[in-house]
Amino acid sequence: MTDLTARDATFATLDCRFLVVPASAADPALAAALPAELLASQGFTGKAGQVVRLPRAALGFPLAAETLVLAAVEDATSPESVRRAVGAAVRTLDGVDTVGVAILPDAAGAGLAAEVALVAAAQGAALGGGASMEVIVACPGGASKQLAGALHRAEVVADAVHLTRELTNEPPNRLYPKSFAKKAAALAAAGGVKAEVLDRAALAKGGYGGILAVGQGSVHAPRLVKLTYSPVRAKPKVALVGKGITFDSGGLSLKRPSSMETMKSDMAGAAAVLAVLLAAAKLKLPVKLTGYLCLAENMPSGAAQRPSDVITVKDGHTIEVVNTDAEGRLVLADGLAAAIEAGVDQVIDIATLTGAQIVSLGSRMAGVMGTDSVRDSLVTAAQTAGELAWPMPLPDYLLEKLSSQVADLANANLSGPDAGMLSAGLFLKQFVGDTPWAHIDIAGPSFNTGEAFGYTPKGGTGYGVRLLVQYLESLAG
């Protein structure tokens with residue numbers, strides 16, 4: 001568990017091995033604190049991502065910490081810039097499980113308010129470090145009630161992000177629908193969240209044809225996990241639906257081998273939903289939440305669904321399976337229909353849904369579609385939280401590309417790959433009726449196949465947790 005501890009100390013008096021300090025080259029506070037010759041000798045330019053270690057003996061002034069770690073901040077007015085800088089610095093401290101964090105004396109005059117900068121730095125350290133990182137925060141005079149609350153929130157959210165990363169990184173022979181469901185139920189029980197697990201028999205009885213069809217080719221039977229957080233006097237009712245394909249081979253519409261290498265991460269949406277429900281309970285958010293983890297393994301076998309099969313999903317829609325690799329929308333159709341049937345004020349799904357999302361927006365930015373008000377509020381929440389998201393349209397004419405002669409819908413575009421992200425969003429729209437809804441496609445930002453950057457490691461990133469918590473907080477007022 002992440003541990004953010006406020007200590008009555010200053011930049012100079014915080015006793016720790018490594019003291020990480022965000023610093024902008026343009027900030028007069030940096031020039032006042034450290035000799036220009038020392039910074040020049042270390043090649044400190046202030047370029048984003050630069051990290052410079054300065055041993056105490058080289059500083060020429062008293063410092064309680066053994067080593068000062070300067071984290072270059074490109075934009076001192078941006079909390080996200082501070083988070084990324086400190087996260088990048090902490091990532092370089094391999095094997096270190098405790099760090100100190102402080103801001104330079106009078107640094108706030110050149111950018112953020114002191115408490116905002118300090119919380120951003122602590123968040124960055126927590127996100128850039130391991131799941132059990134201890135962050136000691138220098139708070140001259142002790143932490144105010146507001147600062148203590150902000151640090152507690154940062155700690156809870158960091159734990160949720162780390163949980164999502166850990167689940168996303170699990171090998172698929174260890175994390176499959178049954179084991180995922182068991183872990184989710186155990187975490188829910190410990191976190192004050194109610195959990196109900198539907199196995200294959202219960203799914204069949206409940207009419208969950210999409211989840212069953214996707215999972216029928218695997219030796220690991222599918223599951224649906226329903227999570228409920230019902231605080232007293234909660235007003236808005238929100239459902240979160242997560243795609244949980246624990247491994248996606250593409251089914252009989254087999255992927256290329258290189259495209260399968262990261263498909264253990266095809267459950268990142270469900271992991272994010274689980275983590276957000278747990279975080280909401282810890283933060284005591286006054287929002288009634290229901291989470292649906294739609295879990296299946298998409299494998300080819302003699303029992304697998306076939307192209308040209310017609311299935312019936314939870315709300316009675318029939319779907320022609322044109323491509324078994326367009327499986328995520330089938331399990332989400334069941335989850336969305338279940339949420340609408342239960343009655344909610346709005347529903348949000350989050351899924352590693354389409355490769356077209358990466359083509360359109362790259363590997364770090366999610367696409368958000370749906371009801372304008374929900375979509376735009378989610379994008380705003382993402383900007384506040386420091387995650388990248390972009391609003392996308394859902395033009396009705398694209399629905400023609402999902403028409404079928406033998407069913408209500410086809411699960412893939414028969415006329416080609418154009419507008420694949422938007423077509424998938426339109427497909428999902430058919431299962432929410434008039435309920436306000438949004439779809440977040442996280443195919444790119446959920447799993448980092450490149451080098452680590454900022455506070456983001458290689459592998460699972462935990463994307464979506466921060467923006468969803470921010471959004472739920474905005475609903476709660």
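Restricting to segment 268-291, what's the tally of residues that are in contact with a helix residue (DSSP H, G or I) (Cβ under 7 Å, 6 or more places away or on another chain), under 24 Å from GLU327 (Cα atoms) and not β-branched (Val, Ile, Thr)? Number satisfying all stated conditions: 6. Is there a residue in segment 72-81 that is out of contact with any Lys or Arg (no Cβ under 8 Å at 6 or more places or on another chain) and of a type in the set (Asp, Glu)? So far as segment 72-81 goes, yes, one or more of its residues are out of contact with any Lys or Arg (no Cβ under 8 Å at 6 or more places or on another chain) and of a type in the set (Asp, Glu).
A quick yes/no check of all residues on (1) in a loop (DSSP other than H, G, I, E, B); (2) modelled with pLDDT under 95; (3) buried (at least 24 other Cβ atoms within 10 Å of the Cβ); (4) not assigned by TED's automatic domain parsing to the domain that holds VAL86:
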position	(1), (2), (3), (4)
ALA120	no, no, yes, no
GLY124	no, no, yes, no
GLY130	yes, yes, no, no
ARG165	no, no, yes, yes
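Being modelled with pLDDT of 90 or more, over 25 Å from the mean Cα position of the chain (by Cα), assigned by TED's automatic domain parsing to the domain that holds ALA117 and not hydrophobic (A, V, I, L, M, F, W, C) is a property that SER81 lacks.
Every residue, every condition in (1) touching a residue at least 60 places away in the same chain (Cβ under 8 Å); (2) among the aliphatic types (A, V, I, L, M); (3) outside the structural domain of THR449 (by TED's automatic domain parsing), yes or no:
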{"site": "ALA88", "(1), (2), (3)": "yes, yes, yes"}
{"site": "ARG91", "(1), (2), (3)": "yes, no, yes"}
{"site": "THR98", "(1), (2), (3)": "yes, no, yes"}
{"site": "LEU104", "(1), (2), (3)": "yes, yes, yes"}
{"site": "GLU115", "(1), (2), (3)": "no, no, yes"}
{"site": "GLY149", "(1), (2), (3)": "no, no, yes"}
{"site": "THR168", "(1), (2), (3)": "yes, no, no"}
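Using the structure shown, decide if GLU261 is among the acidic types (Asp, Glu) and out of contact with any strand residue (DSSP E or B) (no Cβ under 8 Å at 6 or more places or on another chain). Taking the combined requirement at face value, the residue satisfies it. Count of segment 184-199 residues, restricted to those that are surrounded by 17 or more Cβ atoms within 10 Å (Cβ to Cβ) and either more than 13 Å from LEU293 (Cβ to Cβ) or free of Cβ contacts under 8 Å to residues at least 60 places away in the same chain (or both), is 5.
Each residue in segment 244-267 was checked for being in contact with a helix residue (DSSP H, G or I) (Cβ under 9 Å, 6 or more places away or on another chain), farther than 23 Å from LEU467 by Cα and assigned to a loop (DSSP other than H, G, I, E, B), and 5 pass. Residues that are among the small types (Gly, Ala, Ser) and under 16 Å from the mean Cα position of the chain (by Cα) number at least 1 in the following helices (runs of 4 or more DSSP H) confined to segment 372-477: 372-385.
Among ALA221, ALA234, ALA239, which is the only one that is modelled with pLDDT under 95 and of a type in the set (A, V, I, L, M, F, W, C)? Don't jump to the end; show me each part of the working.
Working: ALA221 fails: modelled with pLDDT under 95; ALA239 fails: modelled with pLDDT under 95.
Selected residue: ALA234, the only one of ALA221, ALA234, ALA239 that is modelled with pLDDT under 95 and of a type in the set (A, V, I, L, M, F, W, C).
Residues being touching a helix residue (DSSP H, G or I) at 6+ places or on another chain (Cβ under 7 Å) and assigned to a loop (DSSP other than H, G, I, E, B): count how many of those fall in segment 1-25. Selection size over segment 1-25: 3.
Do you know which of the residues in segment 15-54 that are in contact (Cβ under 8 Å) with a residue 24 or more places away in the chain, closer than 14 Å to ALA85 by Cα and among the aliphatic types (A, V, I, L, M) is surrounded by the fewest Cβ atoms within 10 Å (Cβ to Cβ)? Checked segment 15-54; the qualifying residue surrounded by the fewest Cβ atoms within 10 Å (Cβ to Cβ) is ALA48. Looking only at segment 132-158, residues that are farther than 22 Å from ALA71 by Cβ and in a helix (DSSP H, G or I) come to 6 in all. Here MET299 meets each of (1) closer than 23 Å to SER218 by Cβ; (2) in contact with a helix residue (DSSP H, G or I) (Cβ under 7 Å, 6 or more places away or on another chain) with one exception, condition (2).
Per-residue answers, yes or no, for (1) part of a helix (DSSP H, G or I); (2) buried (at least 21 other Cβ atoms within 10 Å of the Cβ); (3) at negative phi; (4) assigned by TED's automatic domain parsing to the domain that holds SER265:
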| residue | (1), (2), (3), (4) |
| --- | --- |
| GLY291 | no, yes, yes, yes |
| VAL322 | no, no, yes, yes |
| LEU330 | yes, yes, yes, yes |
| ASP334 | yes, yes, yes, yes |
| ALA339 | yes, yes, yes, yes |
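The values are calculated or read from the model by the stated rules, or taken from the named source; none is laboratory data. Model, not experiment: these values are computed from the prediction. Cβ: placed from backbone, ideal geometry, glycine included. Neighbour counts: every protein chain shown.
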